[in-house]
Amino acid sequence: MDFAHSPRVTQLQTQVRRFLDDLVLPANAQWQRYAAAGAYPLDVVEPLKRQAQSLGLWNLFLPRLREQEPGTRLTNLEYAPLAEIMGRVAWSSEVFNCSAPDTGNIELLHRFASHAQTERWLAPLLAGEIRSCFAMSEPDVASSDATNIATRIVRERDAYVVNGRKWFITGAAHPNCRLAVVMGCSGEASGAKAHARHTLLLVPMDTPGLTLVRNVPVMQQQAIDGHCELLFQNVRVPVANRLGDEGAGFALAQARLGPGRVHHCMRSIGQCELALELMSARALERRAFGHALGDFANVQDWIAHSRVEIDQARLLVLHAAWRIDTQGATAARIDVSAIKLVAAQLQTRVLDRAMQVFGAMGLTPDTPLAQLWSWGRAMRFLDGPDEVHLRTIARAELARARAEAGSTSPYLQRWMPPHPDDLGT
Ligand SMILES: Cc1cc2nc3c(=O)[nH]c(=O)nc-3n(C[C@H](O)[C@H](O)[C@H](O)COP(=O)(O)OP(=O)(O)OC[C@H]3O[C@@H](n4cnc5c(N)ncnc54)[C@H](O)[C@@H]3O)c2cc1C
């Protein structure tokens with residue numbers, strides 16, 4: 001394992017950071033004003049996209065599969081520090097064409113799309129001409145267990161007909177969202193096993209019968225690109241819109257999540273770094289009871305714990321990225337669960353400390369802190385709640401212990417206190 005950045009990555013870090021500081025940050029107030037008015041700031045984002053693309057700061061997340069696509073091909077380990085920088089201004093990912101859920105959808109299409117699907121959907125996504133969403137979760141079933149997904153997909157001759165309700169579908173309200181990658185149940189009637197019942201369909205957002213019911217506010221905040229409720233009523237798409245095989249939806253949805261979680265976690269770490277910077281600066285300048293806040297031991301503890309925890313989390317995420325790159329997403333499953341758990345909890349913890357140091361101001365929109373705390377809270381559900389990841393990690397650990405059951409560890413044997421008889425008492 002060598003986590004030192006290559007000269008190429010170091011150069012990209014400098015370029016992305018400079019782009020963020022010189023071009024994105026100055027546009028942030030305008031972006032926020034649009035967002036507060038409920039309008040999508042295409043005027044702000046589109047010119048920045050063109051600039052980023054012309055500099056080659058484009059599709060940076062996409063691991064190398066084919067040479068001919070646009071963008072700079074990087075491994076997950078190489079991309080991770082760039083995602084960390086983008087995390088500092090959350091909307092900046094779009095400027096570099098590195099936004100979720102497009103990134104995951106692009107990876108899926110990149111690996112599994114037919115030639116026609118590639119032409120129709122992957123090419124415009126890679127060019128940043130359209131956006132997309134991934135529609136899995138449903139209000140009526142516990143969606144942390146993807147085998148529960150109940151939206152019905154029924155084949156009728158050369159078409160599939162979709163009926164169901166989805167919610168929290170990120171990106172569906174973006175004005176350029178043209179594609180929903182929809183997971184539904186196609187195999188219930190055939191009695192297929194729970195993990196082989198689901199199918200992914202590529203559904204154009206303007207298909208008759210598909211309604212955007214509402215953009216669901218999260219923690220009282222309305223994301224302008226949306227976490228949307230979608231209704232599918234007799235939505236009909238050609239069989240050619242199926243992604244992968246019938247019944248392969250669960251496996252494809254799982255494959256989509258590994259690198260995406262690395263991206264989320266690194267952006268999260270960037271946001272925690274920003275919070276630590278702001279908290280430290282505030283601790284130096286704000287005075288109470290004759291002292292700078294940074295003179296108080298509890299504030300120093302918060303700063304020190306935040307520093308150490310962020311550095312720990314970063315190493316864990318880089319390790320998971322390295323394992324995905326070198327051994328594949330399946331081998332890295334437990335590492336990916338671990339980083340998702342750690343980063344989401346880290347974000348709420350560090351942001352909570354930063355808000356406390358800022359006093360009441362920390363709860364207002366005058367700093368990014370409250371918004372970032374809320375996002376950390378949301379991260380404890382999206383891409384799987386904490387408890388599901390804990391269960392994954394614990395089950396792997398228990399399976400290891402089970403494999404060794406029956407043999408007493410030499411460490412336990414050697415640590416047993418001696419029997420009183422052995423001591424001659
Ligand atoms: C901001 C945001 C964006 C999202 N974006 C998307 C998106 O783009 N597309 C999409 O499809 N979905 C999206 N989601 C939905 C998200 O993936 C689901 O909320 C998540 O999978 C949990 O499903 P659920 O809400 O139905 O909770 P449930 O499955 O009902 O679980 C409720 C609770 O039960 C507990 N629990 C569940 N399983 C276990 C277990 N094995 N052991 C112990 N406890 C358990 C957990 O505490 C969990 O929080 C998003 C969610 C949020 C908040």
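The values are calculated or read from the model by the stated rules, or taken from the named source; none is laboratory data. Source: prediction; values computed, not measured. Because the Cβ atoms are built from the backbone with ideal geometry, glycine has one as well, and the counts that use them run over all protein chains shown.
Here is how the numbers come out for the structure above:
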{"quantity": "Qualifying residue in segment 320-330 (condition: loosely packed, with under 13 Cβ neighbours inside 10 Å and assigned to a helix (DSSP H, G or I))", "calculated": "yes"}
{"quantity": "From the options A378, A370, A396, residue that is among the small types (G, A, S), in contact (Cβ under 8 Å) with a residue 24 or more places away in the chain and either touching a helix residue (DSSP H, G or I) at 6+ places or on another chain (Cβ under 6 Å) or not assigned by TED's automatic domain parsing to the domain that holds T330 (or both)", "calculated": "A396"}
{"quantity": "Cross-chain or 6+ apart pairs with Cβ under 6 Å, segment 21-35 first and assigned by TED's automatic domain parsing to the domain that holds L48, then of a type in the set (S, T, Y) and surrounded by 15 or more Cβ atoms within 10 Å (Cβ to Cβ)", "calculated": "V24/S92"}
{"quantity": "Every pair of residues 6+ apart whose Cβ atoms lie under 6 Å, when the first sits in segment 202-228 and is among the small types (G, A, S) while the second is surrounded by fewer than 19 Cβ atoms within 10 Å (Cβ to Cβ)", "calculated": "G209/Q233; G209/N234; G226/N215"}
{"quantity": "Candidate set from segment 356-390 (those that are touching a Gly at 6+ places or on another chain (Cβ under 8 Å) and within 16 Å of the ligand (Cβ to nearest atom)); member that is farthest from R333 (Cα to Cα)", "calculated": "A370"}
{"quantity": "Criterion violated by V89 - all others in (1) outside the structural domain of Q15 (by TED's automatic domain parsing); (2) modelled with pLDDT of 95 or more satisfied", "calculated": "(1)"}
{"quantity": "Residue list for segment 109-135, filter: over 23 Å from L48 (Cβ atoms), crowded, with 23+ Cβ neighbours inside 10 Å and touching a strand residue (DSSP E or B) at 6+ places or on another chain (Cβ under 6 Å)", "calculated": "W121, F134, A135"}
{"quantity": "Subset of segment 124-148 [more than 9 Å from the ligand (Cβ to nearest atom) and in contact with a helix residue (DSSP H, G or I) (Cβ under 8 Å, 6 or more places away or on another chain)]", "calculated": "L125, L126, G128, I130, R131, S132, T147"}
{"quantity": "Subset of segment 225-267 [surrounded by fewer than 19 Cβ atoms within 10 Å (Cβ to Cβ) and of a type in the set (A, V, I, L, M)]", "calculated": "L231, V239, A240, A248, A251"}
{"quantity": "Failed criterion for A194 (all others in (1) within 16 Å of the ligand (Cβ to nearest atom); (2) small (G, A, S); (3) without any contact (Cβ under 8 Å) to a residue 24 or more places away in the chain hold)", "calculated": "(3)"}
{"quantity": "Residues of segment 334-367 that turn out to be more than 15 Å from the chain's Cα centre (by Cα) and of a type outside the set (F, W, Y), as a count", "calculated": "20"}
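Residues are listed down the side, and each one gets a yes or a no for (1) small (G, A, S); (2) over 15 Å from the mean Cα position of the chain (by Cα); (3) crowded, with 23+ Cβ neighbours inside 10 Å:
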position: A4; (1), (2), (3): yes, yes, no
position: A39; (1), (2), (3): yes, yes, no
position: L48; (1), (2), (3): no, yes, no
position: N76; (1), (2), (3): no, no, yes
position: E107; (1), (2), (3): no, no, no
